[in-house]
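Here the structure comes first, spelled out in structure tokens, and everything after it is commentary.
Rule-based calculations on the coordinates, nothing more; no lab input. Since the model is a prediction, treat every value here as computed from it, not as a measurement. All Cβ positions, even for glycine, are placed from backbone atoms using ideal geometry, and neighbour counts span all protein chains on display.
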Amino acid sequence: MSDAVQSKGTKNMGGHTPVYAPAMVFLGAWGLLLAVLNMFSMAHPTQHVSWGGLLTFEATNAAFGDAIDGFHYEVLGDTIFIAACLALVVFGLKTINQTNDLQAWLRGLIINDTWTALNDTSVGGGQRTTAAWCLLLGLAFYFWYGVQYIGWMDVGVYSVTIALLASGFALNHASRVPKGDENID
């Protein structure tokens, strides 16, 4: 990674943020979103998810049951799932805060050279522009489909979203590889 990239916000307090820390935050926040939507019967149009059954591969109980109108809270399954998601968020944010300034990290999610590449190929070339569009389309598709069709837990939606997000992350990192003799190895 070049010094110019490091000085833009990934190294504020003397250390790099480990890759697993933001992943923990995003995975935990996503789980909390799904847990809240599930409690209000909005995660899936026809089924209610039992987190205990889903995460134990139905060893404890069925993963999917009939949809229940209104608010439904399974004390054991929902409590453990929400606690696990909160733990992911807290430990991820704690790790980020130990290595960087948390406010700068949060600001860097929105204000960075990836999003400015959406309409300017001179920022990082065509790879970064394509990466930014893949990331934006992946997130927009997931949220649009979830709101429009109450399909937050649809395998097809996951497939499209994961393909777009993975392509976006890969292209974004590929656009930052040094050119010529400055190889990483």
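Okay, here's what the table says:
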| read-out | value |
| --- | --- |
| Value of relative contact order over region 3-160, rounded to a whole percent, pairs C-alpha under 8 Å and six or more apart | 27 |
| Mean shadow area of region 113-185 over all directions, Cα convex hull, nm² | 5.8 |
| Cα gyration tensor of region 39-185 - equivalent ellipsoid semi-axes, whole Å, descending | 37, 20, 15 |
| Alpha carbon centroid spacing (whole Å) that separates region 117-185 from region 39-72 | 30 |
| Under 15 Å, Cβ to Cβ, from Ala67 - net charge with Lys/Arg +1 and Asp/Glu -1 | -4 |
| DSSP H segments from the chain that extend 30 Å or more along their own axis, Cα-based, with Kyte-Doolittle mean of -1.0 or above | 75-99, 125-149 |
| Fewest-first ranking of Lys179, Lys94, using other Cβ atoms within 10 Å as the exposure measure | Lys179, Lys94 |
